[in-house]
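These notes concern the structure reproduced below.
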Ligand code: URA
Ligand code: SF4
């Protein structure tokens, strides 16, 4: 099995070409669990890129990033922050859904360091092609993929972190993490913090 996805990259990358090539990627074992590659979505000239962790159950079925419950929360937060989602490029650090069966349900499994590393050439190619001014890492997986394994979203969220990927890179909480908070007040506070971080990104 290939070490990472770079062997699958097309010689001359375009967004359409990358998407097509990624559909055939077998660089890590997740192509066996996921139904299909869920590639990024959005215009090639987007100034803002949002990077999530990996597709969830609904994304795996539809082939589109952030369209399930977390995506709906993200849509709402983006709208409140004054961001037009159709003008942003939305993608994930890992392009296949990792899951474990629990009864009839498919429970989200966290991608490991090897899977994140294997998939990173797709994310790097998306960033190189789109050259966004601002990148928002949604949660620890995206932040670790782009800002290194020592990055801690809980301690370093919100502000811009110097990096070679874009002029402005910031990390914030993942929408799914907000959905998992049981306590109403805490959940709403984290949602407002996400909106505030997105406002900073959009400014
Ligand atoms: N969570 C993610 O990180 N990405 C998606 O596309 C959906 C849920
Ligand atoms: Fe390729 Fe990424 Fe899917 Fe692994 S998760 S098979 S590296 S597209």
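The values are calculated or read from the model by the stated rules, or taken from the named source; none is laboratory data. What you see is a predicted model, and the numbers here were worked out from it, not measured in a lab. Here the Cβ positions follow ideal geometry from the backbone for every residue, glycine too, while neighbour counts run over all protein chains shown.
In contact with a helix residue (DSSP H, G or I) (Cβ under 7 Å, 6 or more places away or on another chain) and part of a strand (DSSP E or B): does that describe residue 51?
yes
Take the stretch 54-76 and flag every residue that is away from ligand 2 (no atom under 16 Å from the Cβ) and either in contact with a helix residue (DSSP H, G or I) (Cβ under 7 Å, 6 or more places away or on another chain) or in a loop (DSSP other than H, G, I, E, B) (or both).
Within the stretch 54-76, 66, 67, 68, 69, 70, 73, 74, 75 meet the criteria.
Quick check on the stretch 14-24: of everything there that is in contact with a helix residue (DSSP H, G or I) (Cβ under 8 Å, 6 or more places away or on another chain) and surrounded by fewer than 23 Cβ atoms within 10 Å (Cβ to Cβ), which residue is farthest from residue 87 (Cα to Cα)?
24
Taking the conditions exactly as written (within 18 Å of the chain's Cα centre (by Cα) and either modelled with pLDDT of 95 or more or more than 11 Å from ligand 2 (Cβ to nearest atom) (or both)), does residue 9 satisfy them or not?
So residue 9 does not fit the description; no.
Let me spell it out: the conditions are (1) within 15 Å of ligand 2 (Cβ to nearest atom); (2) over 15 Å from residue 5 (Cβ atoms), and residue 93 meets all of them except one. Which number is the exception?
(2)
From the list 71, 56, 63, pick out the single residue that is without any contact (Cβ under 8 Å) to a residue 60 or more places away in the chain and either within 12 Å of ligand 1 (Cβ to nearest atom) or closer than 18 Å to residue 118 by Cα (or both).
Result: 63 is the single residue among 71, 56, 63 that is without any contact (Cβ under 8 Å) to a residue 60 or more places away in the chain and either within 12 Å of ligand 1 (Cβ to nearest atom) or closer than 18 Å to residue 118 by Cα (or both).
Taking strands (runs of 3 or more DSSP E) that do not extend beyond the stretch 81-196, which have at least 3 residues that are surrounded by 14 or more Cβ atoms within 10 Å (Cβ to Cβ)?
Filter on the stretch 81-196 gives 89-92, 134-138, 168-172.
Determine whether the stretch 31-43 contains at least one residue that is crowded, with 17+ Cβ neighbours inside 10 Å and away from ligand 2 (no atom under 16 Å from the Cβ).
yes
Going through the stretch 105-162 one residue at a time, which ones are without any contact (Cβ under 8 Å) to a residue 24 or more places away in the chain and in contact with a helix residue (DSSP H, G or I) (Cβ under 7 Å, 6 or more places away or on another chain)?
Of everything in the stretch 105-162, those that are without any contact (Cβ under 8 Å) to a residue 24 or more places away in the chain and in contact with a helix residue (DSSP H, G or I) (Cβ under 7 Å, 6 or more places away or on another chain) turn out to be 151, 153, 161.
Is at least one residue of the stretch 10-30 away from ligand 1 (no atom under 12 Å from the Cβ) and within 30 Å of residue 181 (Cβ to Cβ)?
Yes, the stretch 10-30 contains a residue that is away from ligand 1 (no atom under 12 Å from the Cβ) and within 30 Å of residue 181 (Cβ to Cβ).
Any chance you could count how many residues in the stretch 130-145 are more than 16 Å from ligand 1 (Cβ to nearest atom) and either farther than 24 Å from residue 74 by Cα or in contact with a strand residue (DSSP E or B) (Cβ under 8 Å, 6 or more places away or on another chain) (or both)?
Adding up the residues that qualify gives 4.
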